[in-house]
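Down below is the structure, laid out as structure tokens.
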Amino acid sequence: MFVVVGANGFLGSYILRSILENTDEQVIATTRHIPDPDGQNERIQWQYCDVQSEKSVDALLEGLKAERSVSVVYLAAYHHPEEVQANPSLAWDINVTALSRFANKAGFVDRFYYVSTDSVYGDSVDHYHFREDDPLRPVNFYGHCKCAAEAITVHLERNVVRLPFLISPSLAGKKHFYDKIVDTARQGKRVEMFSDSFRSTLGFDQAAKLIVALIQSGQKNPVVNICGDEELSKYDVGLMIAKREHLDPNLIIPVLSEASEEWNQVQRAHSTLMDNTLLKTILDIDRIRLFEEISIS
Ligand SMILES: NC(=O)c1ccc[n+]([C@@H]2O[C@H](COP(=O)([O-])OP(=O)(O)OC[C@H]3O[C@@H](n4cnc5c(N)ncnc54)[C@H](OP(=O)(O)O)[C@@H]3O)[C@@H](O)[C@H]2O)c1
């Protein structure tokens, strides 16, 4: 059985889909907003869980104790850097304290994967691709929360995966940046996108497929980067979306990050690139490129 904590979000929706497509397992999907049961797959059972509430975590975990084999994918997070900076105590409570309590109480589960971010690394100088054992130098409080949660997870001998910027059409009943780009360009309006900040970007579907494959592989590395091969700016990604959605590429406008108001609200790493050699070795993958099917043998 899989248990996806925070299953109703952008990544969670794709993880559910990947589990259904790539395994025969049943799934417990947790959220604080149970979706309409109509049209839901019968292998998915939705359950309320607020990770800040010890009572609701206890209720979830108690129900899992009789299960033969349980893999937890932990996604719940308070993660918009601006909100985290404005509410650091709440962010620490959700991202670190609640994760610590949950992972500690879930000692009986067979596998526990904590989903982290490239933000733990900080800035890539000269297009350096960070490896899993590089020092962590986050530049904002969101990154510090993720570092603390990772450390707890690793010291409990559980697993961490670090993800880059993710982008795909949303399955989650709320619009993602991808959908907003498409909507805006379809109205004939221009979309400004940073051309000078680079990430090892992946689609949500690709990240979900790789996470599920990693869990199923039984691999033991405490931390694994999950990311693409390419160095992509958001402008590059915008052009790729324009191509696949048949939008006018001239509506995607390159802008410099430091000129933008959004960029200056919270300190951010200018570029963060990750190395995916370990991931490709574990899963025997040759090539991981944004929006391309990933072939896992
Ligand atoms: N998106 C990216 O580009 C990206 C990149 C790197 C890492 N990540 C990590 O991936 C994970 C999922 O991110 P996402 O993009 O899917 O964001 P998202 O759509 O906001 O999903 C996060 C989920 O966390 C849940 N959550 C928040 N507070 C909670 C609480 N107190 N108790 C229980 N659940 C709570 C929310 O569930 P409900 O509101 O349904 O209860 C929400 O669905 C996060 O850990 C994020 O840091 C994302």
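The values are calculated or read from the model by the stated rules, or taken from the named source; none is laboratory data. Computed from a predicted structure; not experimentally measured. Backbone-built Cβ (ideal geometry, glycine too); neighbour counts: all protein chains shown.
I'd like to know if the range 263-274 contains one or more residues that are among the basic types (Lys, Arg), part of a loop (DSSP other than H, G, I, E, B), in contact (Cβ under 8 Å) with a residue 60 or more places away in the chain and farther than 21 Å from Gly143 by Cβ. Checking the range 263-274: not a single residue is among the basic types (Lys, Arg), part of a loop (DSSP other than H, G, I, E, B), in contact (Cβ under 8 Å) with a residue 60 or more places away in the chain and farther than 21 Å from Gly143 by Cβ. Here Leu90 passes the criteria (1) closer than 17 Å to Arg32 by Cα; (2) in contact with a helix residue (DSSP H, G or I) (Cβ under 8 Å, 6 or more places away or on another chain); (3) not aromatic (Phe, Trp, Tyr) except the one numbered (2).
Those strands (runs of 3 or more DSSP E) of the range 138-248 in which at least 2 residues are not assigned by TED's automatic domain parsing to the domain that holds Leu20, considering only elements entirely within it, cover 191-194. When Ser89, Ser18, Ser69 are screened for being modelled with pLDDT of 95 or more and either surrounded by 14 or more Cβ atoms within 10 Å (Cβ to Cβ) or assigned to a strand (DSSP E or B) (or both), only Ser18 passes. Scanning the range 242-297 for residues that are in contact with a strand residue (DSSP E or B) (Cβ under 8 Å, 6 or more places away or on another chain) and β-branched (Val, Ile, Thr) yields Ile252, Ile253, Val255, Thr272, Ile282, Ile288.
Here's the yes/no breakdown for (1) assigned to a strand (DSSP E or B); (2) under 26 Å from Arg162 (Cα atoms); (3) within 13 Å of the ligand (Cβ to nearest atom); (4) within 18 Å of the chain's Cα centre (by Cα):
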| site | (1), (2), (3), (4) |
| --- | --- |
| Thr30 | yes, yes, yes, yes |
| Pro35 | no, no, yes, no |
| Val51 | no, yes, yes, yes |
| Gly63 | no, no, no, no |
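If only residues of the range 113-170 that are surrounded by fewer than 23 Cβ atoms within 10 Å (Cβ to Cβ) and small (Gly, Ala, Ser) are counted, the one that is nearest to the ligand (Cβ to nearest atom) is Ser170.
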